[in-house]
Amino acid sequence: MGKFYVTTPIYYVNAAPHLGHAYADVLADVIARYHKFLGDDVFFLTGTDEHGAKNARAAKVAEEEISEFVKKERQIFQNLAKSLNLSNSDFLYTSDQIRHWPGAQKLWKKLEEQGDIYKGTYQGLYCLGHEAFITEKDLIDGKCPDHNEKPQIIEEENYFFRLSKYTAEIKKRIESNELLILPETRRNEILSFLEEGLKDVSFSRPAKDISWGVPVPGDMTQTMYVWCDALSSYISALSYGSEDEIKFNKFWPADLHVIGKDILRFHGAIWPGMLLSAGLALPKAILTTGLIRVGDHKMSKTLGNVVNPFELTEKYGTDALRYYLSREIPVFSDGEFTQEKFEAAYEGNLVNGIGNYARRVTTMIKNYFDSHLERPEENVIASVPFRKKTAFFSESAKVNETELEYFSVPYFINHFILPKYHEAMRSYNINAAANLIFFLLGELDGYVQDYEPFKLIKSDKEKTHVVLWNLAYGLASFASLVGPFLPETSEKILEMLGVRGQKETDWKAFQIKESPPLFPRLSK
Ligand code: MSP
């Protein structure tokens, strides 16, 4: 047991959240809940990035006063966190002058003290979508390919951050995995970017052009660059820069930043550079997800091809969306969202998968054992083992084939599923962990076919008791493991079996409670 600090990116509020934002939210939440389950003291941060030209422009288009505009938009992101059932400890927004500004300004001053902030003139192409300068070679047909927009040509006086000074040290930390970048492809990408040598970055904009932001300490004519402001939210939220930095001392460094691949350079280069300059510890890991695409394009507010996450949670339920995002979209590469795929996964794995299995097992216990099943002796439980070898068994070189015949359900779960599940979760391989849990469900279905308790009851009630105990034990184990992914479903299943709030070792009996279907069928 220890502490665990995990963050999502903070979201621009220039438009309502879409499925891409829900994605990082859900993945970070799965990890946060898993660490709570392990007993860690977890701090899970999310929030909104409210400064910068992009947000200011959106307020102007909406003809609203900027602070009112961001407040209203922020509320939608907060509603999203609720609608996704996030277990976040905090929600930080960067226009919070009390909670965020002192931390951002303290960090700036630290960089300045190191001689890493200097004034210069910048001329370049600024992409509003990225909120960053981009180079000529990034453009396709004169436009930023991610945002389908022409960059602005800007020449202005800025403060610069001496990022170049830190190239070698950042590279060393990434190569040694002290700063672990996942997946490997992204780690290689950032390493080859570092290979070219980092350039100093513009860290402020003239306040006359962009006044909506954190003022540069000691120079009111300049506003902090929105990325320098945003990255510091990871520590300002822990009260860095306030009088009492207890939370910062306890939780920093972050154990994990969950981000999308389009913002890797900011997190894998600029952020470590800032922390090194300030003499602060670097985050331990960065989990870089792929993007959710619609056809050939990234789903994006700027491109206008977004899927509204609220519509999905309202229509199918929170856990259905959490299921889709954590299992059906590959974490480490791009994934596609289509309504058809979503509905097929819902029907196939939730309604017919979990829902059907839970209903069959609990109905049999209700009908044959008056809803109550006592735990048999361990040797009796083990006397009705899995009969069939599975792909999982034969894949495992360590397993001797003759032993296979005798695996009991609890043995299989505790010795095969659990270690692999923990290994996958600890390495942030969320899909693999989810696949494993659903693999278990498939095996349990196989066990139903092995023994056909609905037939067995006619000839051998005692053995049927053991079979159903194993099936219910499997269901309860499934519910515990699926907890970080589908928290409501997990609770409902444990409630249905009468073991909610109990540890596995306390499962002395299952007492079935009537409950509605876990996942209603879609009306055609
Ligand atoms: N404000 C910055 C992040 C600052 S973090 C210190 C930002 N905001 S954003 O709203 O544009 O994007 C927030 C996150 O959403 C990013 O991780 C981005 O990758 C992610 N996504 C945006 N569109 C996405 C998809 N279509 N698919 C998956 N994730 C996507 O960048």
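How many residues does segment 243-258 hold that are in contact with a Ser or Thr (Cβ under 8 Å, 6 or more places away or on another chain), assigned to a helix (DSSP H, G or I) and of a type outside the set (Phe, Trp, Tyr)? Show your work before the answer.
If we filter segment 243-258 for residues that are in contact with a Ser or Thr (Cβ under 8 Å, 6 or more places away or on another chain), which is where we start, we get 245-248, 254, 256-258.
Applying the additional criterion that residues be assigned to a helix (DSSP H, G or I) yields 246-248.
Applying the additional criterion that residues be of a type outside the set (Phe, Trp, Tyr) yields 246-247.
Qualifying residue count for the region: 2.
For segment 286-297, give me each residue that is touching a strand residue (DSSP E or B) at 6+ places or on another chain (Cβ under 8 Å), assigned to a strand (DSSP E or B) and surrounded by fewer than 21 Cβ atoms within 10 Å (Cβ to Cβ). Those that are touching a strand residue (DSSP E or B) at 6+ places or on another chain (Cβ under 8 Å), assigned to a strand (DSSP E or B) and surrounded by fewer than 21 Cβ atoms within 10 Å (Cβ to Cβ): Arg293, Val294. Which residue out of Lys298, Lys315 is within 12 Å of the ligand (Cβ to nearest atom), among the charged types (D, E, K, R) and over 21 Å from Thr7 (Cβ atoms)? The match here is Lys298.
Which of the residues spanning segment 312-341 are farther than 17 Å from Glu488 by Cβ and either modelled with pLDDT of 95 or more or of a type in the set (S, T, N, Q) (or both)?
From segment 312-341, those farther than 17 Å from Glu488 by Cβ are 328-341; that's our starting set.
Across segment 312-341, the qualifying residues are Ser333, Thr338, Gln339.
Could you please find all residues in segment 1-18 being hydrophobic (A, V, I, L, M, F, W, C), more than 15 Å from Lys250 (Cβ to Cβ), more than 7 Å from the ligand (Cβ to nearest atom) and surrounded by 22 or more Cβ atoms within 10 Å (Cβ to Cβ)? Within segment 1-18, Val13 is the sole residue that qualifies.
Checking each residue of segment 259-278 against the condition of being at pLDDT below 90, surrounded by 18 or more Cβ atoms within 10 Å (Cβ to Cβ) and outside any loop (DSSP other than H, G, I, E, B) gives no match. Among the residues of segment 19-41, the ones that are more than 11 Å from the ligand (Cβ to nearest atom) and touching a strand residue (DSSP E or B) at 6+ places or on another chain (Cβ under 6 Å) come to 6 in all. When Ser239 is tested against the conditions (1) outside any loop (DSSP other than H, G, I, E, B); (2) closer than 18 Å to Thr46 by Cβ; (3) away from the ligand (no atom under 16 Å from the Cβ), the lone failure is (1). When each of Ser192, Ser176, Ser232 is tested for being under 29 Å from the mean Cα position of the chain (by Cα) and either within 15 Å of the ligand (Cβ to nearest atom) or among the hydrophobic types (A, V, I, L, M, F, W, C) (or both), the lone residue that passes is Ser232.
Annotation note: of Asp146, Asp138, the sole residue that is charged (D, E, K, R), in contact with a Cys (Cβ under 9 Å, 6 or more places away or on another chain) and crowded, with 19+ Cβ neighbours inside 10 Å is Asp146.
In segment 47-57, is there at least one residue being away from the ligand (no atom under 15 Å from the Cβ), over 12 Å from the mean Cα position of the chain (by Cα) and closer than 17 Å to Ser239 by Cα? No. Quick one: in segment 198-222, of everything that is buried (at least 19 other Cβ atoms within 10 Å of the Cβ) and farther than 18 Å from Thr48 by Cβ, which residue is farthest from the ligand (Cβ to nearest atom)? So, considering only residues that are buried (at least 19 other Cβ atoms within 10 Å of the Cβ) and farther than 18 Å from Thr48 by Cβ, the one farthest from the ligand (Cβ to nearest atom) is Gln222.
Yes/no per residue for (1) touching a residue at least 40 places away in the same chain (Cβ under 8 Å); (2) under 29 Å from Asp25 (Cα atoms); (3) touching a strand residue (DSSP E or B) at 6+ places or on another chain (Cβ under 8 Å):
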| residue | (1), (2), (3) |
| --- | --- |
| Leu444 | yes, no, no |
| Val448 | yes, no, no |
| Glu452 | no, no, no |
| Ile457 | yes, no, no |
| Gly498 | no, no, yes |
| Gln511 | yes, no, yes |
| Pro516 | no, yes, no |
| Pro520 | yes, yes, no |
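Conditions (1) surrounded by fewer than 17 Cβ atoms within 10 Å (Cβ to Cβ); (2) at pLDDT 90 or above; (3) within 16 Å of the ligand (Cβ to nearest atom), marked per residue:
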residue: Glu73; (1), (2), (3): no, yes, yes
residue: Ala81; (1), (2), (3): no, yes, yes
residue: Gln97; (1), (2), (3): yes, yes, no
residue: Lys109; (1), (2), (3): yes, yes, no
residue: Gly120; (1), (2), (3): yes, yes, no
residue: Phe133; (1), (2), (3): no, no, yes
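Does Tyr166 fit the bill of being over 26 Å from Val13 (Cβ atoms) and either crowded, with 20+ Cβ neighbours inside 10 Å or touching a Cys at 6+ places or on another chain (Cβ under 9 Å) (or both)?
Values: over 26 Å from Val13 (Cβ atoms): yes; either crowded, with 20+ Cβ neighbours inside 10 Å or touching a Cys at 6+ places or on another chain (Cβ under 9 Å) (or both): yes.
Against the criterion (over 26 Å from Val13 (Cβ atoms) and either crowded, with 20+ Cβ neighbours inside 10 Å or touching a Cys at 6+ places or on another chain (Cβ under 9 Å) (or both)), Tyr166 qualifies.
Residues of segment 276-295 that are within 13 Å of the ligand (Cβ to nearest atom) and over 18 Å from the mean Cα position of the chain (by Cα): Val294, Gly295.
So for segment 472-486 (the condition being part of a helix (DSSP H, G or I) and touching a Pro at 6+ places or on another chain (Cβ under 7 Å)), does at least one residue qualify? Yes, there is a match, as at least one residue in segment 472-486 is part of a helix (DSSP H, G or I) and touching a Pro at 6+ places or on another chain (Cβ under 7 Å).
Taken as a whole, the structure leaves His35 outside the set of residues that are surrounded by 23 or more Cβ atoms within 10 Å (Cβ to Cβ), touching a Ser or Thr at 6+ places or on another chain (Cβ under 7 Å) and modelled with pLDDT of 95 or more.
Listed by first and then second residue, the pairs with beta-carbon distance under 6 Å, at least 6 apart or on different chains, first residue in segment 300-312 and closer than 19 Å to Asp334 by Cβ, second within 11 Å of the ligand (Cβ to nearest atom) and assigned to a helix (DSSP H, G or I), are Val307/Leu19; Pro309/Leu19; Pro309/Ala22.
The values are calculated or read from the model by the stated rules, or taken from the named source; none is laboratory data. What you see is a predicted model, and the numbers here were worked out from it, not measured in a lab. Every residue, glycine among them, receives a Cβ derived from its backbone with ideal geometry; neighbour counts consider all protein chains shown.
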